[in-house]
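Trainee: Mind looking over this structure? Questions follow.
The values are calculated or read from the model by the stated rules, or taken from the named source; none is laboratory data. Just so you know, these numbers come straight off a predicted model, no measurement behind them. No Cβ is skipped: glycine too gets one built from the backbone with ideal geometry, and neighbour counts run over all protein chains shown. Accessible surface areas use protein heavy atoms only, side chains included; no ligands, DNA or RNA. Shrake-Rupley method; radii C 1.70, N 1.55, O 1.52, S 1.80 Å.
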Amino acid sequence: MSLGPHGLAAALSALAVLVGGSLLLPGDPAAAAPGRERWRANYFPNVPLVTSEGKTVHFYDDLIKDKVVASNFIFTSCGDSCPAETARLRQVQKLLGDRVGRDIFMYSISIDPKHDTPEVLGEYAKKFDVGPGWLFLTGREEDVTLLRKKLGLFIEEIQDGSLDHNVSLIIGNEATGRWMRRSPYDNPQALATTIGDWLHNWKVKKARTNDYEQVKTQPQVSRGEYLFRSRCSSCHTLG
C-alpha cells in the first residue's frame, strides 16, 4: 500500500506518540540531548497561554513540568464532539476526586482564540460544572498550533479553514517521560485508572503474588449496557 505525503506524515506522527512524544528528526537540537531530557524543556514549547480567569501561564514551566497531566484541544462553539469530550472528561475528574489539582492536572486548550476569550471559556467550564485543577486555556493561534503538533494532536489534512481537530486526549507524566494518546470517549473508569495509577506508578516494582483466588472476576454486562456505557452515558442517564 502506498502512502501519500499526508498519509506518511500522519503515520509518523502516530508512531512518534507511541514511543514517547513526537518524532525527532536529525538536526533537531533535542535529538542530541541525553536520555529523557530531550523530551522535557528541550522539546516542549514554553509558550504563554491565558486561563479562563485571565491569568497568563507558560505551558512547560507552569502547566506540565514534573506533573501528571491530561490535555485536549476544543472550541466552545463546537456543537457535537467537544461537548461530548468535556462531559466524558468531567466524569473522569469526578472519579479522580481531589487528586485533580493536587497531583493530577487537566487542561483543555482552545483552537479558536478569536472567539474563545477567557470569559467565554469560563462560562463553558461553568456549564459543565468543572472542578478545581482543570484549566481552560486560550492563546495565540500559532502557539496553540505548535502545541498541537508537538503533542501529536495535529492532523494537517483537516486544516482547511474549518475548526475540525483531532479528537484525542494526550496523557503523560512529564517527570518520567511517559506519554500516550487516548480517546476522550474511553470508559471513564479506565481513563481515571490509567491517569491516576499507571502514569504515577509505572516504575514502581510491585511484589508478585500467586494467590490468584484474590483476583476479582471481570463484571459481565449485556451488549446493550456496554453500548450505553461506551457511547451514551456521558450525556444521558437511565432512571
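Every residue, every condition in (1) touching a Ser or Thr at 6+ places or on another chain (Cβ under 7 Å); (2) farther than 16 Å from residue 184 by Cβ, yes or no:
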site: 69; (1), (2): no, no
site: 77; (1), (2): no, yes
site: 81; (1), (2): no, no
site: 85; (1), (2): no, no
site: 89; (1), (2): no, no
site: 97; (1), (2): no, yes
site: 102; (1), (2): no, yes
site: 131; (1), (2): no, yes
site: 137; (1), (2): yes, yes
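Trainee: Within the range 200-217, is there a residue that is at pLDDT 70 or above, more than 17 Å from residue 63 (Cβ to Cβ), assigned to a helix (DSSP H, G or I) and over 14 Å from the mean Cα position of the chain (by Cα)? Write out each step before concluding.
Mentor: Of the residues in the range 200-217, the ones at pLDDT 70 or above are 200.
Subsequent filtering for residues that are more than 17 Å from residue 63 (Cβ to Cβ) retains 200.
So of that shortlist, the ones also assigned to a helix (DSSP H, G or I) come out as 200.
In the following step, the residues that additionally are over 14 Å from the mean Cα position of the chain (by Cα) were identified as 200.
The answer is yes, given that some residue of the range 200-217 is at pLDDT 70 or above, more than 17 Å from residue 63 (Cβ to Cβ), assigned to a helix (DSSP H, G or I) and over 14 Å from the mean Cα position of the chain (by Cα).
Trainee: Return a yes/no flag: does the range 159-174 have any residue that is in contact with a helix residue (DSSP H, G or I) (Cβ under 7 Å, 6 or more places away or on another chain), modelled with pLDDT under 90, open to solvent by 40 Å² or more (accessible area, probe 1.4 Å) and closer than 27 Å to residue 94 by Cβ.
Mentor: yes
Trainee: Let me ask something else about it. Being small (Gly, Ala, Ser), assigned to a helix (DSSP H, G or I), over 18 Å from residue 185 (Cα atoms) and in contact (Cβ under 8 Å) with a residue 40 or more places away in the chain: is that true of residue 122 here? Walk me through how you get there before you give the answer.
Mentor: Working: small (Gly, Ala, Ser): yes; assigned to a helix (DSSP H, G or I): yes; over 18 Å from residue 185 (Cα atoms): yes; in contact (Cβ under 8 Å) with a residue 40 or more places away in the chain: yes.
Spelling it out, residue 122 is indeed small (Gly, Ala, Ser), assigned to a helix (DSSP H, G or I), over 18 Å from residue 185 (Cα atoms) and in contact (Cβ under 8 Å) with a residue 40 or more places away in the chain.
Trainee: Residues 114, 67: which one is under 14 Å from the mean Cα position of the chain (by Cα) and open to solvent by 30 Å² or more (accessible area, probe 1.4 Å)? Even if it seems obvious, please write down each step before you answer.
Mentor: Details: 114 fails: under 14 Å from the mean Cα position of the chain (by Cα).
Checking each option against the conditions leaves just 67.
Trainee: In the range 51-74, what residues are in contact with a Pro (Cβ under 9 Å, 6 or more places away or on another chain) and part of a loop (DSSP other than H, G, I, E, B)?
Mentor: Of everything in the range 51-74, those that are in contact with a Pro (Cβ under 9 Å, 6 or more places away or on another chain) and part of a loop (DSSP other than H, G, I, E, B) turn out to be 52, 53, 54, 55.
Trainee: Of the numbered conditions (1) crowded, with 17+ Cβ neighbours inside 10 Å; (2) at pLDDT 90 or above; (3) of a type in the set (Phe, Trp, Tyr), residue 154 fails exactly one; give the number of that condition.
Mentor: Condition (2) is where residue 154 drops out.
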